[in-house]
1. Can you compute the FRET efficiency between E52 and E93 using 1/(1 + (r/R0)^6), with r the Cβ-Cβ distance and R0 = 22 Å? Round to the nearest 0.05.
2. Less than 17 Å apart at the alpha-carbon level, and either on another chain or at least 8 residues along: which lysines does that give for K11?
3. S112 label point, 7 Å along Cα→Cβ, cut-off 11 Å on backbone N: hits in region 1-35?
4. Residue-wise, which Karplus ³J(HN,Hα) couplings in Hz belong to region 38-53, taking 6.51 cos²θ - 1.76 cosθ + 1.60, θ = phi - 60°, and x for glycine or proline?
5. Can you pull a Stokes-Einstein diffusion coefficient for region 14-120 at 20 °C (1.002 mPa s), Rh from Kirkwood over Cα pairs, as a whole number of µm²/s?
6. Normalised by the number of residues in the chain, what is the relative contact order in percent for Cα pairs under 8 Å and 6+ residues apart?
7. So what is the 222 nm mean residue ellipticity for the chain from helices alone, if each DSSP H run of at least 4 adds -39500 (n - 2.57) and you divide by all residues, rounding to the nearest 500 deg cm²/dmol?
8. With +1 on the Cβ of every Lys and Arg and -1 on the Cβ of every Asp and Glu, and nothing else charged, how large is the dipole of the chain about its Cα centre, in debye rounded to the nearest 20?
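No lab work stands behind these numbers, since they all come straight from the coordinates. Being a predicted model, the structure only gives us computed values, none of them experimental. Counting neighbours? That spans all protein chains shown, and the Cβs are built from the backbone with ideal geometry, glycine included.
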Amino acid sequence: MYSYRELDVYKISMDLVLDVYAETRKFPQNEVYGLISQMRRCAVSIPSNIAEGSGRHSTKEFIHFLYLSNASLSELETQLEISRRLGYQHDYEKISCGISRVRVMLNNLIRSLNEKINEQ
């Protein structure tokens, strides 16, 4: 249906994954099964849901997976705040800006696709 690899939101969310992995390498080892694992899974889920949704048979299904990406983004944002409060984040702003950028792009894509459905 859509070539997800060409979507800017997919590309930027992949960059966000790399940033999360780089930053969580700096976390204490006792967090390997806690925040590190959770933050990485959330980050990976964002572009994964974009890719999965693009392979679905309808625009409505694609939108559903974009909402799932948005939910994972919110979860990552919460974990980022927790890690900052615990003093683990060294580059909080970079990831926070990435989250904001992906959120705007996801919401714009969802809005655009909803408009397309409503025109039909």
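1. According to the calculation, E is roughly 0.15.
2. Leaving aside lysines fewer than 8 places away in the same chain, those within reach of K11 are K94.
3. 7-10
4. In residue order, the calculated couplings are 5, 5, 5, 4, 4, 4, 5, 5, 5, x, 5, 5, 4, 5, 5, x Hz.
5. It comes out at roughly 148 µm²/s.
6. Worked out over the chain, it gives 31 percent.
7. Per the formula, -27000 deg cm²/dmol.
8. Here the size comes out at about 100 debye.
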